[in-house]
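The values are calculated or read from the model by the stated rules, or taken from the named source; none is laboratory data. Predicted model, so just to flag it, every value in this text is computed and none were measured. Backbone-built Cβ (ideal geometry, glycine too); neighbour counts: all protein chains shown. Each accessible area value is taken on the protein alone, full model and side chains, heavy atoms only, with ligands, DNA and RNA left out. Shrake-Rupley method; radii C 1.70, N 1.55, O 1.52, S 1.80 Å.
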Amino acid sequence: MSEATSTWRPTEHGANIGHSSAWMAHRKVTLDIHRLLNEGDPDRAIIDAPYTVMALRQVLRGVEMTRKHLKTEAAQNLLSEALTDFDRAVPGGKKARDVIEHFDEYAMGIGNLQQPHVRKAKDRKPDDDLSAAFNHRLEWERDGGERRPVYAAGPYRIDLVAAEDAAFRLVCDAYEALCLDEGSPVPRGWAYEVQRGSLRG
């Protein structure tokens with residue numbers, strides 16, 4: 001076998017790299033949620049929570065990379081639908097990530113979402129009221145008898161437990177898209193049910 005045929009080329013495996021990156025980011029989200037719900041350390045919870053939202057964005061980025069590098073239209077369509085489903089399940093997720101990632105701008109009231117009518121950031125004026133309106137923080141809400149961590153970034157509220165589940169479903173959808181792309185299709189939702197269904201059963 002020649003060196004040319006035996007060399008693994010990352011540029012030929014973008015879909016797989018995207019999926020494995022999404023899977024790793026999801027594992028970070030899962031570990032954070034486990035700590036939030038089970039360790040009872042309020043200081044750690046406050047530190048973990050914003051980076052959990054950032055890791056959710058990395059899940060999306062990995063799946064978007066997978067979609068970009070899939071070869072078949074059917075597999076690309078599956079992931080386009082899955083990404084739309086994620087956006088419905090986690091409304092405001094991308095915007096919350098923007099508030100957290102660009103904290104230096106939002107703390108001064110000059111973030112993109114705070115002054116969208118002023119195109120150039122250098123032309124925006126600091127605004128204390130806008131700063132306060134886009135404060136971000138970890139909160140806890142009651143759902144029946146269960147406490148659920150919610151990360152609020154300005155007007156965007158991310159139920160972290162629901163977001164983790166949606167992210168896991170998206171990673172499973174990416175796996176199914178890879179299977180479809182490689183000619184070994186499985187029913188939509190199969191990977192999620194195999195792993196999460198056994199926990200419910």
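Here are the numbers for the structure shown:
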read-out: Rule-of-thumb Rg ratio for region 115-157 [Cα; 2.2 N^0.38 Å; N residues]; value: 1.66
read-out: Sum of side-chain charges, Lys71 neighbourhood, beta-carbon under 12 Å (Lys, Arg +1; Asp, Glu -1); value: -2
read-out: Estimated FRET transfer efficiency (Ser6, Ile46; beta-carbon r; R0 35 Å; 0.05); value: 0.10
read-out: Dimensionless Rg/Rh of region 6-64 - Kirkwood Rh, Rg from C-alpha atoms; value: 1.18
read-out: Rounded if a/c under 1.5, otherwise prolate or oblate - region 56-153, Cα gyration tensor axes; value: oblate
read-out: Cβ-based net charge around Ala153, under 9 Å, with every Lys or Arg adding one and every Asp or Glu removing one; value: +3
read-out: Label-point separation, Glu182 to Glu39 (7 Å along Cα→Cβ), nm; value: 3.4
read-out: Summed residue charge, Cβ within 15 Å of Cys179's Cβ, Lys/Arg positive, Asp/Glu negative; value: -2
read-out: Residue-normalised accessible area of the chain, given per residue in Å² at a 1.4 Å probe; value: 58
read-out: Cα-based convex hull, region 100-188, per residue volume (Å³, whole number); value: 150
read-out: Translational D in µm²/s for region 26-104 (Stokes-Einstein at 25 °C, 0.890 mPa s, Kirkwood Rh from C-alpha pairs); value: 175
read-out: Kirkwood hydrodynamic radius over Cα pairs of the chain, then Stokes diffusion coefficient at 20 °C and 1.002 mPa s, in µm²/s; value: 115
read-out: Ranked by how many other beta carbons lie within 10 Å on average, peptides 47-60, 8-21 from highest; value: 47-60, 8-21
read-out: Simple spin-label estimate for Asp87 and Arg27 in nanometres, 7 Å along Cα-Cβ; value: 3.0
read-out: For region 171-192 versus region 45-76, the gap between their alpha-carbon centres in whole angstrom; value: 16
read-out: With every protein chain in place, the chain: carbon and sulfur % of accessible area (1.4 Å); value: 53
read-out: Cα-projected label distance for Gln195 with Ala133, points at 7 Å along beta-carbon direction, nm; value: 4.0
